[in-house]
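Computed from the coordinates by the stated procedures, all read-outs in this text should not be read as laboratory data. These numbers were taken from a predicted model, which means no experiment stands behind them. Positions of Cβ are backbone-derived with ideal geometry, glycine not excepted, and every protein chain shown enters the neighbour counts.
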Amino acid sequence: MKSPGTIETGQLTAGRKPTGRLPRQFWGLAATEVWERFSFYGLQAVLSFYLFYSVTDGGLGLPTDSAVGIVGAYGAFVYIMQFVGGWLGDRLIPPRVLVLAGGVVIMAGHIALAVVPGLPGLAVGLVCIAVGTGALKTNISVIVGRLLPADAAYRDAGFSYFLMAINTGALIGPLATGWMQSVAGFHAAFVIAAIGMALGLVQYIVGYSRLPAESAIVADPVRGRALLVPATVGAVAAVLLVAVVASGVVPPEGLTYLAGGLIVVCAAALFGVVLRAPTTTAVERRRVLGFLPLWVAAVLYYGILLQIFTTMALFIADRVDLRVLDWEMPGAWLIASFSVFGVSLTPVIARLWARGWFARFGAATKVTVGLVLVSSSYLILLLSEFSPGKTVSPILVMATMAIAGVSEVFVNPVTLSLVTRIAPDNFRSQLTALGVIVIGGGAALSGILGILFTVIPTLTYLIGVGVGGLLIAATLRALSPWIQRMVSE
């Protein structure tokens with residue numbers, strides 16, 4: 001029985017103002033996401049510093065281009081695994097089980113980073129986190145999509161609150177790990193990340209029995225001989241990837257290029273499968289085609305945004321004066337400031353969307369706004385040219401992070417809301433993976449841009465990224481009427 005006032009899927013129609021409140025199960029999943037993102041971003045905020053800090057400072061002492069390349073590749077591989085998690089959720093294992101298993105593997109990865117020293121601990125830990133996140137991230141979004149009404153405005157609002165949960169974890173995680181790293185070292189910070197994921201697992205298990213019945217069902221199960229081909233392909237791909245990395249054929253700074261190429265290939269293949277499948281109707285095919293340019297724009301957006309973990313980490317270490325009286329602020333805290341404004345303004349924007357204030361703006365227009373904001377943040381950072389050397393004020397960096405944090409509200413919930421609404425039933429988890437993997441494509445691109453940052457003047461770089469992002473926004477705005485027609489009901 002539903003709680004009084006709760007809106008159920010299908011209860012709303014387009015153009016009607018939504019009323020009521022989100023289901024209780026939604027808030028349980030959102031709380032799980034807070035702790036999962038606490039662990040993920042808690043690690044992400046200190047990872048670059050761990051890689052390029054000297055051994056005497058507790059790091060691994062890697063060259064800066066190798067460090068940002070590894071961070072970009074890691075972020076990309078985390079989201080490449082979304083394809084695997086999406087396929088498993090559609091074809092083999094119920095989504096609710098994959099979320100639970102993924103959380104356990106993520107926690108094991110953080111523990112490996114904490115207790116296994118040097119490069120072996122780094123490799124084992126990052127692989128476990130990538131695999132576990134692939135199982136968890138897409139499938140928890142699928143379950144959330146099952147809980148929310150079909151009404152586009154209300155779904156945008158629901159996913160905006162879900163983004164607020166993400167940003168809450170992204171805020172408190174780096175604050176906790178950054179402080180712990182500054183007082184007890186990197187491995188203690190990794191322990192904090194493991195504890196965060198453990199709390200997320202407890203939260204998920206408590207609400208497990210109340211999850212929607214659909215989350216226990218495999219929509220299009222594959223069994224017997226039909227399972228042999230994908231299992232063989234997956235095993236061969238994994239062995240080849242390990243062999244390439246272990247042999248040193250691809251240097252550390254080249255991993256982000258490899259990861260980006262894999263994402264392009266995987267995305268193209270999945271779009272092709274969905275569009276050519278006999279079970280995909282003409283209407284569904286039209287909507288997926290309309291989503292394609294929006295997907296590309298979102299990847300480019302995240303390529304700019306996620307430099308907070310690559311380029312900005314280098315910028316903070318080299319240019320920002322972190323001293324406050326006799327105390328030095330952890331660099332990870334500046335990265336955490338990215339989430340402050342996202343958390344603060346998401347409820348406001350979500351409520352406006354739920355009330356239909358932006359009903360006439362399509363998904364492409366909202367993503368355009370996000371691109372304009374994140375590109376402008378890099379142009380504002382040009383003011384750092386008036387502060388040579390390591391004299392840049394943390395306030396300037398926080399202003400940049402604030403604008404970037406607000407920008408994500410116009411991209412992440414909108415693309416997730418859209419893809420869960422237009423996805424064909426037989427490809428719901430896999431197409432949701434496409435909506436999530438835009439972050440992975442952006443992570444790979446952020447690593448590539450971070451490498452570029454190490455070899456060209458800062459002024460040239462900031463102008464290039466800022467103006468380039470605005471040109472992408474202008475192109476998407478020109479395409480927005482066509483995209484809206486394609487993805488409409």
Report summary line: The answer for the net charge of residues other than Asp220 whose Cβ lies under 12 angstrom from its Cβ, with Lys and Arg +1 and Asp and Glu -1, is +1
Query raised in the report: By per-residue mean of other Cβ atoms within 10 Å, what is the highest-first order of 194-204, 31-41?
Result: 31-41, 194-204
Report summary line: Mean 1/r over distinct Cα pairs of the range 369-415, inverted to a Kirkwood Rh in Å, yields 11.3 Å
Query - Nonlocal amide H pairs with Thr280, under 5 Å, H built at 1.01 Å - result: none
**Report entry** Whole-Hz ³J(HN,Hα) from phi, Karplus 6.51 cos²θ - 1.76 cosθ + 1.60, for the range 69-83, glycine and proline x
**Finding:** x, 5, 4, x, 5, 4, x, 5, 5, 4, 8, 4, 5, 4, 4
Query raised in the report: Relative to the longest principal Cα axis of the chain, at what angle does helix 24-52 sit, 0 to 90 degrees, rounded to 10?
Result: 30 degrees
**Report entry** Assigned charges on the beta-carbon of Lys, Arg, Asp, Glu; the chain dipole about Cα centre (debye)
**Finding:** 1700 debye
Requested in this report: Determine, at each q value in 0.13, 0.18, 0.26 (inverse angstroms), the log₁₀ of I(q)/I(0) that the Debye formula gives when each Cα of the range 284-329 is one equal point scatterer.
Outcome: -0.52, -0.67, -0.89
Report task. Enter the Cα centre distance for the pair the range 431-489 and the range 169-212, rounded to the nearest angstrom. Result -> 30 Å
Report task. Would you compute the Debye intensity of the range 178-286 from its alpha-carbon atoms alone, equal scatterers and no solvent, and pass along log10 I(q)/I(0) at q = 0.11, 0.22 Å⁻¹ to two decimals? Result -> -0.79, -1.10
Report task. Please work out the Cα convex hull volume for the range 102-239 and give it in Å³ per residue. Result -> 142 Å³
Report task. Please give the helix 152-184 orientation as an angle from the longest Cα principal axis of the chain, in degrees from 0 to 90, rounded to the nearest 10. Result -> 30 degrees
Query - Distance from the range 324-347 to the range 228-267 (C-alpha centre basis), Å - result: 35 Å
Report summary line: Everything considered on the Cα gyration tensor (a ≥ b ≥ c; rounded for a/c under 1.5, else prolate if a/b is larger than b/c, else oblate), the range 222-362 must be described as oblate
Requested in this report: Assign one of three labels to the range 229-289, namely rounded, prolate or oblate, based on the Cα gyration tensor with a ≥ b ≥ c the square roots of its eigenvalues; rounded applies when a/c is under 1.5, prolate when it is not and a/b is larger than b/c, and oblate otherwise.
Outcome: oblate
Requested in this report: Report ³J(HN,Hα) in whole Hz for each residue of the range 395-407, in order, from the Karplus equation J = 6.51 cos²θ - 1.76 cosθ + 1.60 where θ = phi - 60°; Gly and Pro get x.
Outcome: 4, 5, 5, 5, 5, 4, 5, 5, 5, 5, x, 5, 4
Query - Charge-dipole axis of the chain as Lys and Arg at +1 and Asp and Glu at -1 on Cβ define it, positive-most pick from Thr454, Gln430, Trp179 - result: Gln430
Query raised in the report: Is it possible to state the helix-based mean residue ellipticity at 222 nm for the chain, with each DSSP H run of 4+ residues giving -39500 (n - 2.57), the sum divided by total residues, to the nearest 500 deg cm²/dmol? What is it?
Result: -26000 deg cm²/dmol
Report summary line: With +1 on the Cβ of every Lys and Arg and -1 on the Cβ of every Asp and Glu, the dipole magnitude of the range 20-140 about its Cα centre, in debye rounded to the nearest 20, is 500 debye
Report summary line: Expressed in µm² per second, the diffusion coefficient of the range 403-489 from the Stokes-Einstein equation, with Rh the Kirkwood radius over alpha carbon pairs, at 25 °C and 0.890 mPa s, is 160 µm²/s
Report summary line: Proxy exposure order for Ser375, Ser209, Ser48 (fewest C-beta within 10 Å first) is Ser209, Ser375, Ser48
Report task. Rounded to the nearest 10 degrees, what's the angle between the helix 118-147 long axis and the longest principal axis of the chain, both from Cα atoms, 0 to 90? Result -> 30 degrees
Report task. Classify the range 102-162 as rounded, prolate or oblate, taking a ≥ b ≥ c as the square roots of the eigenvalues of its Cα gyration tensor: rounded when a/c is under 1.5, otherwise prolate if a/b is larger than b/c and oblate if not. Result -> prolate
Query raised in the report: Once the Cα gyration tensor of the chain is found, what semi-axes does its equivalent ellipsoid get, as square roots of 5 times the eigenvalues, in whole Å, sorted largest first?
Result: 33, 26, 22
